[in-house]
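Participant: One structure follows; several queries about it will come next.
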Amino acid sequence: MASLVARAAGAAHSVAVSILAQSQIKEGDKIPEILLKDNPETATVKVHDIPGKILICGVPGAFTPPCSSQIPAYIENYQKFVDKGFGGIYVVGVNDAFVMNAWKEKLAPQGTPVQFVADDQAQFVSALGLVMDATGLLGGPRSKRFVIIAQDGKVNRLKVEDEAPNVTCTRADSVLEDL
């Protein structure tokens, strides 16, 4: 009986992730109007409304080894992005705001202008069509690993890793080289 319930729950979860996933956003599309959280109580970050050029980096999970090795280069190279006209870098994870803030403190104990924002219900990455089923490893739907370069609320460039553990086209140095 327990295995039947487990299989049914797994099937329902896979269906839910499929329903959440829309077609993948593409260059020229508008960033979805979904608020993200930079604090635990309210969703206040409107990446879709930020004027100018910004970088949005989606990660599967705060504190995971690939993500924790990827993001420090964005912190270290922040000024290089600013010098290329970027007004901000936003790291988005399907985690709660407490986790995202703790991860930011771990990666940048002296502080950083890089913003760490929570998409705690995967609504933003789902609307982007960049959600994946990470139930086996991370317990539920998570963000694919991606980088969006947006200008005035529209996608200028999109890079998505083929596999979540890979950090190739979304590495900070790779993104900088392509600018």
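The values are calculated or read from the model by the stated rules, or taken from the named source; none is laboratory data. In this text the structure is predicted, and so the values were computed from the model without any measurement. Heads up: the accessible areas ignore ligands, DNA and RNA and are worked out on the full protein's heavy atoms, side chains in. Shrake-Rupley method; radii C 1.70, N 1.55, O 1.52, S 1.80 Å.
Participant: Checking the table 30/104; 46/144; 53/80; 53/154; 53/144 against a 18 Å threshold on Cα-Cα, which pairs fail?
Facilitator: Exceeds cut-off: 30/104; 46/144; 53/144.
Participant: So if each residue of separation counts as 0.36 nm, and I subtract the Cα-Cα distance between residue 152 and residue 27, what length gain in nm does that give?
Facilitator: Length difference between fully extended and current span is 43.7 nm.
Participant: Now for a separate question. Output needed: percent of Cα pairs per 10 Å distance bin for segment 67-162, bins running from 0 to the one holding the longest distance.
Facilitator: Cα pair-distance distribution for segment 67-162, in percent: 14, 47, 35, 5, 0.
Participant: Considering only protein heavy atoms, with the full assembly of protein chains and a 1.4 angstrom probe, order 170, 42 by accessible area, largest first.
Facilitator: Per-residue accessible area, sorted high to low, gives 42, 170.
Participant: Can you compute 3J(HN,Hα) from phi for each residue in segment 86-96, using the Karplus curve 6.51 cos²θ - 1.76 cosθ + 1.60 with θ = phi - 60°, rounded to whole Hz and x for Gly and Pro?
Facilitator: Once θ is set to phi - 60°, the couplings for segment 86-96 become 7, x, x, 10, 10, 9, 10, x, 7, 9, 7 Hz.
Participant: Return the sequence-ordered ³J(HN,Hα) values of segment 51-60 in whole Hz as given by the Karplus equation 6.51 cos²θ - 1.76 cosθ + 1.60 applied to θ = phi - 60°, using x for Gly and Pro.
Facilitator: x, x, 9, 9, 10, 10, 10, x, 10, x
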